[in-house]
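*Asks:* Input: one structure, supplied below.
The values are calculated or read from the model by the stated rules, or taken from the named source; none is laboratory data. Everything quoted here is computed from the prediction, not taken from an experiment. Cβ coordinates were reconstructed from backbone atoms using ideal geometry, including for glycine residues, and neighbour counts include every protein chain displayed. Accessible surface is based on the protein model in full, side chains and every heavy atom, while ligands, DNA and RNA are left aside. Shrake-Rupley method; radii C 1.70, N 1.55, O 1.52, S 1.80 Å.
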Amino acid sequence: MKLYSLSVLYKGDAKVVLLKAAHDVSSFSFFQRSSVQEFMTFTSQLIVERSSKGTRASVKEQDYLCHVYVRNDSLAGVVIADNEYPSRVAFTLLEKVLDEFSKQVDRIDWPVGSPATINYTALEGHLSRYQNPREADPMTKVQAELDETKIILHNTMESLLERGEKLDDLVSKSEVLGTQSKAFYKTARKQNSCCAIM
């Protein structure tokens, strides 16, 4: 899972203006980085231009997903990530960044702003922190822990089933268990056999 780009844009009537952007192109070769960064900026502007105000969307292109959120006040955000990155986390990030941006940067500056003139420095930090969605997003972290617990539980049940087969042998050979206990075990085993996993 990887985030490549996080951009804040303004959707004007005539054109889309890039206000601020952060990129992580470290996974690309050194000579491709500037071209990849320019293409991400171009793609972000194009997606915002083609999206309606008040919408959220995810656009797939090969192994990448571009998540866009255009607010009703024309402020927009775009996250470019690989297709494994959770969409819910990407939209949570966009909402957080756009809310923060709108509080720190005057609305008057949005239509005429540029990355050089807009004073908003939090994008790099957000891009870095959200690289691992489990750490950045509490819900994803809880979901990962639940998935891990299910795997452990599943493994435990399998090991119990394997051990259960050996338990039959032990019960029949046992000298400590009385005849009544052995009969109870066999009856319980027969009644629970309808739930056996095949």
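*Asks:* Out of curiosity, is I108 crowded, with 19+ Cβ neighbours inside 10 Å, over 18 Å from the mean Cα position of the chain (by Cα), outside any loop (DSSP other than H, G, I, E, B) and modelled with pLDDT under 90?
*Replies:* Judged against the criteria, I108 is not a match.
*Asks:* List every residue pair whose Cβ atoms sit under 7 Å apart, with the two residues 6 or more apart in sequence or on different chains, where the first one lies in region 82-102 and is touching a residue at least 24 places away in the same chain (Cβ under 8 Å) and open to solvent by 30 Å² or more (accessible area, probe 1.4 Å) and the second, anywhere, is of a type outside the set (G, A, S) and not in a helix (DSSP H, G or I).
*Replies:* Matching pairs, first to second residue: E84/M1; S87/H67; F91/R56; F91/H67; F91/Y69; T92/D137; E95/Y69; S102/L75.
*Asks:* Then there is this: Which of the residues spanning region 53-73 are in contact with a strand residue (DSSP E or B) (Cβ under 7 Å, 6 or more places away or on another chain) and among the polar types (S, T, N, Q)?
*Replies:* The answer is T55, S58.
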